[in-house]
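Reading through the structure tokens given below for one structure.
The values are calculated or read from the model by the stated rules, or taken from the named source; none is laboratory data. These figures come from a predicted structure and were not determined experimentally. For neighbour counting, all protein chains shown are included, and Cβ atoms are generated from backbone atoms with ideal geometry for every residue, glycine included. Heads up: the accessible areas ignore ligands, DNA and RNA and are worked out on the full protein's heavy atoms, side chains in. Shrake-Rupley method; radii C 1.70, N 1.55, O 1.52, S 1.80 Å.
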Amino acid sequence: SHDCVNKLRKEFGIKKNGHSGTLDPLVTGVLPIAIGDATRLIPYLQGSKAYTGIIQLGITTNTDDMQGEIIKSNNLPLIDESAINSLLENFRGEISQKPPIFSSVHIKGERAYKKARKGEIFDLNPKKITINKLNLISWSQSKGELIIDVDCSTGTYIRSLARDIGEKIGCGGSLKNLRRTKAFNFNENHSVLL
């Protein structure tokens with residue numbers, strides 16, 4: 001996200017610009033960026049964010065995605081789409097979610113990921129988030145891959161959702177791939193220049 005902002009800063013020659021919500025380095029998709037005086041409008045953006053993601057079941061990592069160090073590998077249980085859909089009901093609506101330790105959450109003035117990289121042991125408090133929509137697109141028993149569509153409140157970590165779904169199934173899980181399809185009123189099919 002920061003690289004995108006810097007690129008536009010150089011492209012337009014305008015120092016004052018910013019984005020409306022960080023994307024992890026390997027996440028693709030929608031990233032609204034405001035340039036110049038439009039940066040004042042960022043705090044007033046309203047709405048939810050939407051993602052399409054692949055969860056790799058059977059693998060737990062320290063970052064809750066497949067870029068991290070594997071902590072544990074488990075065999076996959078035999079599970080069908082109907083059972084997965086029932087299980088996903090636990091994650092719809094307002095829920096409590098603990099952010100990943102490798103996240104940009106502040107702990108006494110320092111980002112959690114910086115503390116985690118130094119090997120510090122700490123715990124992050126869960127926070128209330130809202131999952132407006134959580135749909136199963138497909139499930140591959142042979143690959144252990146769960147593809148989901150999520151519409152959620154800002155502040156939701158899809159990596160945490162992947163971890164928690166894997167825990168609920170009983171085999172662990174990590175986010176393998178993620179694309180943001182919507183941020184507030186901006187989606188993949190249209191953009192707005194102010």
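Of the accessible area of segment 1-117, with the probe set at 1.4 angstrom, what percent is carbon plus sulfur? Let's see the in-between values first.
Numbers: 3650 of 7140 Å².
Carbon and sulfur atoms account for 51 percent of the accessible area of segment 1-117.
Considering the options Leu136, Leu57, Thr22, tell which one lies farthest towards the positive end of the dipole of the chain, charges being +1 on Lys and Arg and -1 on Asp and Glu at the Cβ, about the Cα centre.
Of the listed residues, the answer is Thr22.
When you take every Cα atom in segment 101-158, what is the radius of gyration, and what is Dmax, the widest Cα pair distance, in Å?
In Å, with Rg to one decimal and Dmax whole: 15.6, 44.
GluC sites (Glu not before Pro) within segment 41-100: which are DSSP loop residues with at most 10 other Cβ atoms inside 10 Å?
Listed in order of number, the matching sites are Glu69.
Give me the number: length gained by fully extending Asp123 to Ser142, i.e. 0.36 nm times residue separation minus the C-alpha to C-alpha distance, one decimal in nm.
Separation in residues times 0.36 nm, less the Cα-Cα distance, equals 3.4 nm.
With a cap of 10 neighbouring Cβ atoms within 10 Å, and only residues DSSP puts in a loop, list the trypsin sites (Lys or Arg not before Pro) found in segment 91-141.
Lys108, Lys118
For Leu76, what is the net charge nearby, where nearby means another residue's Cβ is under 11 Å from its Cβ and Lys, Arg count +1, Asp, Glu -1?
That works out to 0.
Evaluate the relative contact order of segment 1-121 (contact order divided by residue number), counting alpha-carbon pairs under 8 angstrom at least 6 apart; express in whole percent.
Details: 97 pairs, mean separation 15.2, N = 121.
After rounding, I find 13 percent.
Pairs of Cα atoms under 8 Å, at least six residues apart: use those to get the relative contact order of segment 91-186, whole percent. List each step's numbers first, then the result.
Numbers: 127 pairs, mean separation 22.4, N = 96.
Reported as a whole number, the value is 23 percent.
Using the alpha carbons of segment 38-194, what is the convex hull volume per residue in cubic angstrom, as a whole number?
Enclosed volume per residue, from the Cα hull, is 130 Å³.
Going through the cross-link list Lys7/Lys118; Lys98/Lys143; Lys72/Lys176; Lys16/Lys115; Lys10/Lys114; Lys127/Lys168, which pairs have a Cα-Cα distance over 20 Å in this structure?
Checking Cα-Cα distances, Lys7/Lys118; Lys98/Lys143; Lys16/Lys115; Lys10/Lys114 exceed 20 Å.
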